[in-house]
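One structure is given below, encoded as structure tokens.
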Amino acid sequence: MTENRAHAIVIYHNCSAAGDCRAHAEISGEVELARPDRILIVGAGIGGLCTAVALAQIGAEVDVIDIKPDNAVAGVGWGLRTNGLRALREIGLLEPTLSIGFPTPPLSYFDRNGHHVVDIPYGRQFDGMPNNVQLPRLGFLEMASARALEAGCSIRMSTTATDIQQDADGVTVELSDGSSHRYDLVIGFDGINSSIRRYLFGEAYVPVRSGGVAWRAPVRAPDTLKGAIFCHGFGGKVGFVPLAGGMMYVIVTHYEPGRPRHDPAAFPQIMHQRAREMMGDSAFMAAEIDSLRTATNVAYTPLDTVLVPYPWHRGRVMIMGDAAHAMTPYLGSGAAMAIEDGVVFAKLLRSDDTLYDVQTKFMARRYPRVKAIWDQSLKMMHEEFDSATPEALDRRLAYLVHEEPKVLDYIHRILESEY
């Protein structure tokens, strides 16, 4: 999961409706827009900060804003595979990432009784890099923020855009602190509930329930846990993923229809209950599951999705990352796709092309790749949930042994290809 930040809805000025603003933006997109030198990024999450670094390194003046007061986030861990690590290497963030990360061996699947089912690798290794690294989310955000500041970017928290007006020469943005600024380009990395997406497209593309939810919580790891393990149970899975410092995060994923509202104070107990429902009366990892009762910082996330079709821009305003393509976390690639977005866009901006040509080339490179991963991530989630009966669970475990490695090898080769 990736960036999920709610920003204030921008106001449409000089337009009778959102559609009129979009028409104006499309018209301005057809003229020869000069390369942007002053850029605003809305959203100081993983994708926004990495993009800020990438753009600053090619000489752009970059401001980053985020409505949240700080980088404190629910949940503790996320994974990054070879493609994301390659992108970080291009912008000089690989070494600091590896210094706070935990390289993991192949993913091990067990049944609910603790019997080993299959080991599935995270793809091939390239250039001496690990093929998967587990990272502390807060640690990465702090590191990326520091690097963005070192590169000359400005970062303002507790700040959002309250009004955006664009013309052929630039974009005027009014901020929630009352100030007004002029930019050549605005990029929305403001997550699945993006207000920048709403500015561009109105309510045409809104989050859609996928049917799944994820619970995540940090707890102490047993000394025996050397790599990520997933226990496949009735209708979902319980995962145990090690982090540095003797910690791990536990993840529970399952089908949940509708939109129930859970009391945050009850999150630890509910997460424990869901895990036990999947594992039955099994003693496997029982102590670790029991520790969920007293876990702090439990995150509950309905796995909503968004996929905005071509293009992700109107004139001098764009969206990237989860604002454009929020996906289920079943290939661990939501954050990596956001990082790739920014790195590719910065590389294209180094050319002599106009902004509109850069945007066109960007979409040609990004959309097919993102959609392939988006589609497969959703498909894998639905297949996982089709295991609610003993017979269905047996079929699912057989699939993991005989078919899942082939599917993942295909996906890994897509991820390993040029982004």
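The values are calculated or read from the model by the stated rules, or taken from the named source; none is laboratory data. Note that the structure is a prediction, hence the values are computed from the model and not measured. Here Cβ is always computed from backbone atoms with ideal geometry, including for glycine, and neighbour counts include all displayed protein chains. Each accessible area value is taken on the protein alone, full model and side chains, heavy atoms only, with ligands, DNA and RNA left out. Shrake-Rupley method; radii C 1.70, N 1.55, O 1.52, S 1.80 Å.
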Requested in this report: Counting only C-alpha contacts under 8 Å and six or more residues apart, can you give the relative contact order of region 142-259 as a whole percent?
Outcome: 16 percent
**Report entry** Cβ crowding within 10 Å averaged over residues, with 43-49, 86-92, 115-121 ranked highest first
**Finding:** 43-49, 86-92, 115-121
Requested in this report: With a Förster radius of 35 Å, plug the Cβ-Cβ distance of Tyr410 and Glu95 into 1/(1 + (r/R0)^6) and report the FRET value to the nearest 0.05.
Outcome: 0.70
Query raised in the report: Hey, any idea what % of the chain's accessible area is carbon plus sulfur with a 1.4 Å probe?
Result: 54 percent
Report summary line: Given Cβ charges of +1 for Lys and Arg and -1 for Asp and Glu, the option among Phe126, Cys231, Phe102 whose Cα lies farthest towards the positive end of the dipole of the chain is Cys231
Query raised in the report: From the list (1) 27, 56, 17, 0; (2) 23, 45, 23, 8, 1; (3) 13, 21, 26, 16, 11, 8, 5, 1, 0, can you say which value of P(r) over Cα pairs in 20 Å bins from 0, in percent was derived from the structure given?
Result: (1)
Query - Simple spin-label estimate for Glu61 and Glu142 in nanometres, 7 Å along Cα-Cβ - result: 3.2 nm
Report summary line: Zone reached by a paramagnetic label modelled 7 Å from Asp169 Cα along Cα→Cβ, restricted to region 344-365 with backbone N below 19 Å, covers 355-356
Query - Charge dipole (region 191-331, unit charges on Cβ, about Cα centre) - positive-most of Ser210, Pro311, Pro222 - result: Pro311
Report task. Please tell me the relative contact order of the chain in percent, rounded to the nearest whole number, where contacts are Cα pairs under 8 Å and at least six residues apart. Result -> 24 percent
Query raised in the report: Among the lysines in the chain, how many pairs, 8 or more places apart or on different chains, have alpha carbons under 30 Å apart?
Result: 15
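Can you tell me, using C-alpha contacts under 8 Å and at least 6 residues apart, the relative contact order of region 210-254 as a whole percent?
47 percent
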Query - Cα→Cβ-extended label distance, 7 Å offset, between Thr354 and Glu418, nm - result: 2.5 nm
Report summary line: Computed about the Cα centre, the charge dipole of the chain from +1 Lys/Arg and -1 Asp/Glu charges at the Cβ has a magnitude in debye, to the nearest 20, of 540 debye
Query raised in the report: How large is the accessible surface per residue of region 295-386, computed with a 1.4 Å probe and reported in Å² as a whole number?
Result: 28 Å²
Query raised in the report: Sorted from largest down, what three extents in whole angstroms do the Cα atoms of region 115-178 have along their principal axes?
Result: 59, 30, 26
